[in-house]
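Heads up: the structure comes next, in structure tokens.
The values are calculated or read from the model by the stated rules, or taken from the named source; none is laboratory data. Being a predicted model, the structure only gives us computed values, none of them experimental. In this analysis, Cβ positions are derived from the backbone assuming ideal geometry, glycine residues included, and neighbour counts consider all displayed protein chains.
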């Protein structure tokens, strides 16, 4: 799988794939918890957007509403020109837990998408092996998930999410439980896949460094009730390298985002 783009998306593909307008979410009646309040957000096709914010600010709730897995209290989410009213089936989703099936092999877990969707098995198997090759796991295709490390399991989950050529990838803090070295490597893997596939990606993360490294834009949410507090464009060349984190430019973005979260 070859890299098809070496920089952030250009104005040639600036049509919005996601449009969030006046989104509100309250859990419980009366004095229930207001998770999101008047959230407006657009994500362009082919863009990588990271969502940052303190715990409990509604980051994951926003992602789940976008996926159609949680209904909003009011407001709307439009994906690919259609209002989201039920779970989206054509997106790829990677959760905090990898949700792999231990009775299936690594390849079998990735191929689950093909089995559920009735896709051509030969073509899907080749695609699955390509994706595993991209993240360095082709040699583990016949292993079981319990034989893999946490980082390897999340790579399998990522491959599974993209098997059906999803144009939209939603990631809900999938690397939060990994050690720093493993997280660095899987961030490189995710960037490589994103550059190669051209999909749109929205990722919830607690890591400022991870957000800067991966995203074209970083959206900072306020403490609950969650609102969009700041929207920062990350102007760094791609493909990005781990060494970029030691540059003054990267440090400046970290300071800006840290300040936005703290205030």
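What are the residues in region 237-256 that are surrounded by 15 or more Cβ atoms within 10 Å (Cβ to Cβ) and within 19 Å of the chain's Cα centre (by Cα), if any?
Across region 237-256, the qualifying residues are 238, 240.
Output the residues belonging to region 96-113 that are closer than 24 Å to residue 47 by Cβ and assigned to a helix (DSSP H, G or I). Steps first, please.
First pass over region 96-113, keeping only residues closer than 24 Å to residue 47 by Cβ: 96, 113.
If the condition is that a residue be closer than 24 Å to residue 47 by Cβ and assigned to a helix (DSSP H, G or I), then 113 is the only one that fits.
Conditions first: (1) surrounded by 14 or more Cβ atoms within 10 Å (Cβ to Cβ); (2) in contact with a strand residue (DSSP E or B) (Cβ under 6 Å, 6 or more places away or on another chain). Residue 209 passes all but one, so which condition is the exception?
(2)
Go through region 81-132 and report how many residues are over 23 Å from residue 154 (Cβ atoms) and touching a strand residue (DSSP E or B) at 6+ places or on another chain (Cβ under 6 Å).
Total satisfying the criteria: 2.
Take the residues in region 74-87 that are in a loop (DSSP other than H, G, I, E, B) and free of Cβ contacts under 8 Å to residues at least 60 places away in the same chain, then tell me which one is nearest to residue 216 (Cα to Cα).
Looking only at region 74-87, we keep the residues that are in a loop (DSSP other than H, G, I, E, B), and these are 80-81, 84-87.
Pick out the ones that are also free of Cβ contacts under 8 Å to residues at least 60 places away in the same chain and you get 81, 84-87.
Numbers: 81: 22, 84: 24, 85: 28, 86: 28, 87: 26 Å.
This residue is 81.
What pairs come up if the first residue lies in region 53-73 and is at positive phi and modelled with pLDDT of 90 or more, the second is surrounded by fewer than 22 Cβ atoms within 10 Å (Cβ to Cβ) and assigned to a helix (DSSP H, G or I), and their beta carbons are under 9 Å apart, counting only those six or more places apart or on different chains?
Partner pairs satisfying both residue conditions: 53/261.
Evaluate region 249-262: report whether one residue or more is closer than 24 Å to residue 16 by Cα, out of contact with any strand residue (DSSP E or B) (no Cβ under 6 Å at 6 or more places or on another chain) and free of Cβ contacts under 8 Å to residues at least 40 places away in the same chain.
No - not one qualifying residue is present in region 249-262.
Specify which of the listed residues (93, 18) is buried (at least 17 other Cβ atoms within 10 Å of the Cβ), assigned to a strand (DSSP E or B) and at pLDDT below 95. Walk me through it before giving the result.
Details: 18 fails: at pLDDT below 95.
Of the residues listed, the single one that is buried (at least 17 other Cβ atoms within 10 Å of the Cβ), assigned to a strand (DSSP E or B) and at pLDDT below 95 is 93.
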